[in-house]
Amino acid sequence: MKRRHALRTPTRRLLAAGLSLALGWTALTAMTATADQETDTDVSTAAVLFHDDFNGPAGSAVDSSKWQLETGDNSGNNREHQYYTPGNNNAALDGNGNLVITARKENPNNYQCWYGTCQYTSARMNTAGKFTTTYGKVEARIKLPRGQGIWPAFWMLGNDIGQIGWPASGEIDIMENIGREPGTVHGTLHGPGYSGGGGIGASYTLPGGRAFADDFHTFAVDWAPDRISWSVDGVTYQTRTPADLGGNQWAFNKPFFMILNLAVGGEWPGYPDGSTTFPQQMIVDYVTVTSYDGGGDNGGGNGRTGQISGLAGKCVDVAGANTANGTPVVLYDCNGSSAQRWTVHSDGTLRALGKCLSLVGNATGDGTKVHLWDCTGNATQRWAISGARDIVNISADKCLDVPWADPANNNQLQIATCSGNAAQKWTAP
């Protein structure tokens, strides 16, 4: 296995504008979701959290509700030579359902790079401030470029990078390729104590001497609590857990955002030479994220599904079976409806109608009401069910509570300091 490589230092200059949009962001505002199809046989189905198939007119820019373009040079990341441009200059739809990221040997606007006048242009985009996820299947179908010094990547960074920096934030490299290895891709973890050349990873090589530039291939990670597996075209080639980190911190149980980019040069891939032709293109068919459902390749048991009952034998209920964000979660007579069918997921969320039990405004004080909201990976959406039948919000360290111990139908539930009273006792799946 080739041991990687470069310091990928995300505090570099080109991220100053783009990443600043994400700092302090706590709610996912650009997520599309479909309802979990869950059954009483405890089999749960993943929901689509993010999908972009890059449909649109030829030459148009990427969907700005899903992606932001980073601009500038990249001295901090392995001394790359490209200048990342805005708009559709180097990243555009082709009109056939693909995104094309193009690296060119040019400098049309006298761009200045860390090493002097820039020699190349390319593009890099991320979902910071627009979409994050904690766990799930993250995949993209991509046709890679080729050539010495060419470096395409599909990867993720911890959304708290602005607060704690890299590598403490964590990095998941789903796919990296360097042009001198046309048939090999790398998947790597970076975190505190295992970053840069000390990253933990493995490589996958296509059989028969084939090159990744010859056709499209699907690159994915299946990401669960304390477990990440990498695959190419459905073939898993490595799995990593905290046991692989030599006692270092596992930095991957929290929200991450996605990045697509095509770099030119750098100490790991080397630099273009006389054999490298331009332009080079990274062609992306789609990017999809589906939720972690507690089963399948993610390595956990299926989510437990059923009703949650409490005070006066009544149930935790989504008011009116309404799936809109902000729908109150209330106490109501148990009736067996889908609005009362909750799944206890292994990521700590409680889900009904495809969405998560959440705290209004992400507040954590006594009396904060609960409602239904898109599953965002926010810590305030995580709950623990104790042996004493408390349902404790992990972020707030407070219990799910029936206000005033009033068992009336449609009494909106809240969190309150755990006291052991009957208004905080629940029977869950």
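Structure notes:
- Ala168 passes every criterion in (1) part of a loop (DSSP other than H, G, I, E, B); (2) under 21 Å from Pro269 (Cβ atoms); (3) not charged (D, E, K, R) apart from (2).
- One residue stands out in region 94-114 among those that are among the aliphatic types (A, V, I, L, M) and closer than 14 Å to Leu69 by Cα: the one that is surrounded by the most Cβ atoms within 10 Å (Cβ to Cβ), namely Leu99.
- Screening Gly265 with (1) modelled with pLDDT of 90 or more; (2) under 25 Å from the mean Cα position of the chain (by Cα); (3) of a type in the set (Gly, Ala, Ser) gives one miss only, at (2).
- Looking only at region 373-429, and only at residues there that are outside any loop (DSSP other than H, G, I, E, B) and among the hydroxyl-bearing types (Ser, Thr, Tyr), the one that is surrounded by the fewest Cβ atoms within 10 Å (Cβ to Cβ): Thr427
- Qualifying residue in region 37-51 (condition: assigned to a strand (DSSP E or B), surrounded by 16 or more Cβ atoms within 10 Å (Cβ to Cβ) and at pLDDT 85 or above): yes
- Between Ala213, Ala251, the distinction of being crowded, with 20+ Cβ neighbours inside 10 Å and under 14 Å from the mean Cα position of the chain (by Cα) belongs to Ala251 only.
- First in region 408-421 and assigned by TED's automatic domain parsing to the domain that holds Thr368, second anywhere and of a type in the set (Ser, Thr, Tyr), Cβ under 7 Å, 6 or more apart: Asn409/Tyr332; Asn410/Tyr332; Gln414/Thr368; Ile415/Thr368
- Of the candidates Gly208, Gly187, the single residue that is of a type outside the set (Phe, Trp, Tyr), out of contact with any Cys (no Cβ under 6 Å at 6 or more places or on another chain) and part of a helix (DSSP H, G or I) is Gly208.
The values are calculated or read from the model by the stated rules, or taken from the named source; none is laboratory data. Worth saying up front: this structure is predicted, and the values here are computed from it rather than measured. When we count neighbours, we look across all protein chains shown, and the Cβ atoms used for this are built from the backbone with ideal geometry, even at glycine.
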